[in-house]
1. Which three extents, in whole angstrom, do the alpha-carbon atoms of the stretch C:18-94 cover along their principal axes, largest first?
2. Starting from one equal scatterer on each C-alpha and no solvent at all, send me the Debye-based log10 I(q)/I(0) for the stretch A:1-101 at q = 0.11, 0.14 Å⁻¹, two decimals.
3. For the stretch A:17-249, count the residues as N, evaluate 2.2 N^0.38 Å, and divide the Cα radius of gyration by that value, please.
4. If you keep only loop residues by DSSP, which trypsin sites (Lys or Arg not before Pro) in the stretch B:81-186 have at most 15 other Cβ atoms within 10 Å of their Cβ?
5. Based on the Cα coordinates of the stretch B:123-166, what is the per residue volume of their convex hull in Å³?
6. Could you please state, rounded to a whole Å, how far the C-alpha centre of the stretch A:90-128 is from the C-alpha centre of the stretch B:43-109?
7. Based on alpha-carbon centroids, what's the gap between the stretch A:19-82 and the stretch B:133-186 in Å, whole number please?
8. So for the pair residue A:108, residue B:124, with labels modelled 7 Å out along Cα→Cβ, what separation do we get in nm?
Amino acid sequence: MFAALEFPSIENLVEWPAFFGDGTFYAFNKIALISMLAVIIPTALFLLAKKEMVPRGVQNIVEGTVEFVEKQVVLSAIGPEGLKYTPLILTIFLFVFFGNIFEVIPTFQMPANARMANPLILAVVAWVSFVTIGIKSQGFAGFMKSSLFPPGVPKALYILVTPIEFLSTFLLRPFGLAVRLFANMLAGHILLVTFGVLCITLATASPLAAILPFSYAMLVGLTGFEVMVSLIQAFVFSLLTAVYIQLSLHAH
Amino acid sequence: MLAQTLMLRLAEEGGELGDHVVEEAANPILPTVPELFWGAIAFATLFALVKFVLLPPVQKTMQDRANLVRSDLDAADAARSQAGSAASDVSDQLADVRAEATQIIDAARAEAEADRARIIGAAEDEIAAARSEAEAEIAGAREAAMAGVGPSVAGLAADAASRVMNRTVDVSAAQPVVDRFLNSSN
Amino acid sequence: MSIIASTAAQISELAQEYTPAEAKANAGASGAGMAYGLAAIGPGIGIGYLVGQAVQAMARQPESAGQVQTTMFLGIAFTEALALIGFVVFILLKFA
């Protein structure tokens, strides 16, 4: 009576055949294509935006994005001294967002960040940024001291605290960044695939086709939800990078 | 727990034997080299573009607009304060004019008052002169009348007295008495 | 723990009918479901509490809503990480 739910294996969901260069280090598959588009689309938007005093159309979108990143991320997390890191934060925001948003764009239907590669690169960039900025602004010894030996702790406890601080600052931060983005997007992708597969299965199962509208409504709703998640994840990733930069700018 | 470990060991052995298993060790968690390669290229390109090509003009436009808005606001403020000072100028002038008008009115009123007083004074003088003239005339008339009346009164009085006393009374002797009497009765 | 053990025991009874590889996949799948289910409890409560408090703060001081919202997203990001690690474990157990 019940149609078997033929759920595709995970390899079919996230791994894509190469367009060219299969088997080499430059195998160009859908993920790489989305990465390229995540460069081309913002570039095109920024170049299309006219530089007029009264903004309209594309210029509104671009300036809105820049202003959002400046005000909500850089200024609220770092403050005025962080404005020189705006290019980095904005790049991270744009790259994450465009990597995410392809999750709901037809014919792509795949977030580039549901593969570990891009989140890992972004996390490494964030890690290198906050370590470099910390060393530059506090000096190597000062940075190590402020991040590994938090003040106000009894001397003996440093045996316990320092390894934990080392782990949380230098390993868990980038790991958390990468895994947060990756798992969010992978979960969203699997969620959409699940409801898509459910819709298809229900459409072919005659007695159960009656509940197809509910499943379909759920699919539409979740698509909207995933648009929101794409935006929030881009916001959170850039915000966390900014917060880490702020933490390494000054000794605490 | 024990059962699970046992089972897992079984499974591992099965995996080792594994012609049945299609596991290509394609772990969905681990990144693949080509994706890392293209992702890194993409990110580096986007960062370079944003930092050196894309962001500066947009930020410049926004800065220009902020400056423009600020200068416009400043200009509006200046214009407003200017208008305020002009308005106060106008009201100052108005007050001046009003004071002047009051002054002129006061002056006119004082002048009119003086005129009136002068005219009234002149009229009073004229009246006084006329009155004194008339009084003098009256006094003259009376004097004349008195002068006319005196001798006859004295004659009459002397006549009457001579009749009363049966003796002749000199009119010239009676004259001073008559005069005194007339003057006192006057 | 005993739940896991008993489930695993049941599966191992079933496993006699399966090849060892299938038995491993089954055990992985059941472990995966439980791992994610358990991992979702704490962060679920945590995010609920966090957002509730944030809403209260925003209702009390609407003028500081922007700051509270940013902090709320940060808090959600940190709390959510635990659930997401649970999800990664799920993927590892189920598919890897």
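The values are calculated or read from the model by the stated rules, or taken from the named source; none is laboratory data. All of these numbers come straight from a predicted model, not from anything done at the bench. Positions of Cβ are backbone-derived with ideal geometry, glycine not excepted, and every protein chain shown enters the neighbour counts. Note: areas computed on protein heavy atoms with side chains; ligands, DNA, RNA excluded. Shrake-Rupley method; radii C 1.70, N 1.55, O 1.52, S 1.80 Å.
1. Largest to smallest, the principal-axis extents are 64, 15, 9 Å.
2. Here log10 of I(q) over I(0) equals -0.55, -0.74.
3. Values: Rg = 21.6 Å, N = 233, 2.2 N^0.38 = 17.5 Å.
So the stretch A:17-249 has a normalised radius of gyration of 1.24.
4. Values: sites: B:98, B:109, B:116, B:118, B:131, B:142, B:163, B:167, B:180; in loops: B:167.
Passing sites in the stretch B:81-186 are B:167.
5. Values: hull volume 1.9 nm³, N = 44.
About 43 Å³ per residue, rounded to a whole number.
6. With the stretch A:90-128 and the stretch B:43-109 each reduced to a Cα centre, they are spaced 47 Å.
7. Centre-to-centre (Cα) distance: 144 Å.
8. 11.1 nm
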